[in-house]
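Since every read-out is calculated from the coordinates, none of them should be taken as a lab result. All values derive from a computational prediction rather than experimental measurement. Neighbour counts run over all protein chains shown; Cβ positions are idealised from the backbone, glycine included.
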Amino acid sequence: MTTVTNQEIIDLLGKDTILWSPSLDKHVAPIEILANKVVLFYFSAHWCGPCRRFTPMLKEFYQKRKEQQTDSEDFEIVFCSMDRTAEEYKGYAGEMPWYCLPHQSPAMGPLASRYEAQGIPHLVAVDTDGTLLTLDGVGELSTRAEDFPWRPQPIADLLPGFYLDSNKEAVPMSDLDGKYLMLYFSAHWCPPCQRFTPVLSKAYTALKQQRQDFELLFVSSDRDQAGFDEYWGSMSFGAIPYNERQVKAALSARLGVRGIPALIMLSPEREVISDNVRDVIQNGDYISDFPYYPKMYGDLNSAGNAINQQRCVVVFHEAGDDSEQDDIREALQTAAENSKADKSLRFYWATSSGGLVTILRDTLKLGPPSETPVLALVDVPNGGTYYVSNQTDVTAETIQEFLLNPGDKKSL
């Protein structure tokens with residue numbers, strides 16, 4: 001039996017989903033035409049002017065590439081319709097030579113959530129093993145179609161030959177070989193950046209007193225050299241030269257930086273360890289937790305964007321006493337250790353009101369905090385679903401039982 005290397009992607013579409021090819025007048029199960037291929041999900045709609053301009057470009061690319069491809073380069077496109085009516089969908093899909101999800105398919109929610117389809121046209125490329133290649137297929141097709149399927153360049157290849165140290169001296173980037181490297185994407189004109197930069201500078205200085213096996217470099221989004229010079233002058237660490245604009249753009253794209261401030265930790269091999277180091281720095285755990293590998297468990301208020309990207313077990317117990325809250329943390333840590341093979345799962349305690357804890361409690365309609373803990377499973381990537389347990393005795397065992405049988409599904 002042939003192994004399906006991208007089974008997770010096929011499962012995401014749903015076992016009952018049937019794809020339709022208007023040009024072939026053919027209906028097939030996803031596994032028949034997507035298995036072991038690069039898959040491009042095309043989020044688009046007839047009512048969208050930029051989509052109507054981009055679709056012919058994508059069609060030309062698809063047809064030329066299909067004529068030239070070898071078996072090892074096989075790929076497929078799946079149209080993910082955001083059309084308002086079935087009539088618009090049928091007319092628009094009829095222009096496309098690839099396969100299409102049904103109009104208003106249940107798979108659209110999970111796909112749009114996982115692949116951040118917040119605006120259209122939006123083209124996502126997923127590799128043969130199910131790993132994400134790019135969320136910016138529109139840009140990639142427009143600027144370097146010949147490099148399809150746009151497998152990411154090694155991060156080390158995108159770094160410049162020199163960086164500026166804290167004394168403004170040019171230093172070969174090779175001097176950082178074998179060290180951890182943090183990249184700080186920021187700008188003077190950004191108020192959240194201005195608030196975070198002094199905290200980061202203080203943390204950098206404290207961390208340097210403990211270890212020398214890392215460096216931190218500022219990657220500027222300032223609008224001009226003068227703005228860069230003034231802002232960098234307030235920092236205690238080095239920078240990538242401002243005139244390396246292409247380096248900044250390439251690193252931002254490669255690392256998926258969509259907002260600032262962003263603080264990313266790279267390993268000595270220049271692989272991403274964490275893209276959310278900012279939360280660690282702000283919460284003061286930067287000495288003991290270095291180099292900040294993401295944990296499967298923690299405080300919900302430190303979860304950052306993980307709540308939108310992972311399935312999350314959350315135990316709310318803001319009104320519990322210290323002993324009860326310690327028991328909750330221990331239960332979640334044990335449950336996380338027992339579930340470490342499931343990379344899509346995270347475990348969080350909500351033991352103090354405010355921030356994300358209060359927002360999520362309100363979103364799940366749990367009512368005000370009480371003396372009874374609440375155990376919930378939140379699955380934003382799967383169409384924004386969640387489950388709430390009736391179990392009030394929260395232990396590692398009851399958490400595991402809840403995961404196996406979560407009960408009635410609800411929608412956010």
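At what distance in angstrom do the alpha carbon centres of the range 294-341 and the range 135-214 lie from each other?
Their Cα centres are 30 Å away from one another.
With θ set to phi - 60°, apply the Karplus curve 6.51 cos²θ - 1.76 cosθ + 1.60 along the range 84-94 and write out the HN-Hα couplings as whole Hz, x wherever there is a Gly or Pro.
7, 10, 5, 5, 4, 4, 4, x, 6, 4, x
Please list, in chain and number order, the residues 5+ apart from F218 or on another chain whose amide H is under 5 Å from its amide H, with Hs placed from the backbone.
Y184, G238, A239, I240
Which shape class, rounded, prolate or oblate, goes with the chain when its Cα gyration tensor gives a ≥ b ≥ c as root eigenvalues, a/c under 1.5 marks rounded, and past that a/b bigger than b/c marks prolate?
Verdict is oblate for the chain.
HN-Hα J couplings of the range 271-284 from phi, Karplus 6.51/-1.76/1.60, θ = phi - 60°, integer Hz, Gly and Pro as x?
9, 6, 8, 8, 9, 9, 6, 3, 5, 5, 4, 5, 8, x
Relative contact order, percent, of the chain when contacts are C-alpha pairs under 8 Å separated by at least 6 residues?
Relative contact order comes out at 12 percent.
Pop the C-beta distance of A86 and N305 into the FRET formula with R0 = 25 Å and round what comes out to the nearest 0.05.
0.15
Using a simple spin-label model with points 7 Å from Cα along the Cα→Cβ vector, what separation in nm is obtained for V28 and R270?
3.9
Take R346, R65, R195 and order them by how many other Cβ atoms sit within 10 Å, fewest up front.
Lowest count first: R195, R65, R346.
Work out from phi, with θ = phi - 60° and the Karplus expression 6.51 cos²θ - 1.76 cosθ + 1.60, the ³J(HN,Hα) of each residue of the range 107-117, listed in order in whole Hz, and give x for Gly and Pro.
Karplus values, whole Hz, x for Gly and Pro: 6, 4, x, x, 5, 5, 5, 5, 9, 6, 7.
Under a straight-distance cross-link criterion of Cα-Cα below 19 Å, which aspartates and glutamates are reachable from K90, leaving out those fewer than 8 residues away in the same chain?
Straight-line reach from K90, under 19 Å: D25.
Once the Cβ-Cβ distance between K64 and Q118 is put in as r, and R0 is 41 Å, what FRET efficiency do you end up with, to the nearest 0.05?
0.90
Could you work out the helix-only [θ] at 222 nm for the chain, with each DSSP H run of four or more residues adding -39,500 (n - 2.57) and the total divided by the number of residues, to the nearest 500 deg cm²/dmol?
Rounded to the nearest 500, it is -9500 deg cm²/dmol.
For the range 280-412, rounded, prolate or oblate, judged on the Cα gyration tensor with a ≥ b ≥ c (square roots of eigenvalues), a/c < 1.5 rounded, else prolate if a/b > b/c?
rounded
Taking amide H positions as placed in the peptide plane 1.01 Å from N, state which residues far from S81 in sequence (5 or more) or on other chains have amide H under 5 Å from it.
Close amide H contacts, sequence-distant or interchain: L101.
Which lysines, if any, have their Cα less than 20 Å from the Cα of K64, not counting same-chain residues under 8 positions apart?
K37
Under the classification rounded if a/c is under 1.5, otherwise prolate if a/b is larger than b/c and oblate if not, where does the range 7-147 fall, given a ≥ b ≥ c as square roots of the Cα gyration tensor eigenvalues?
rounded
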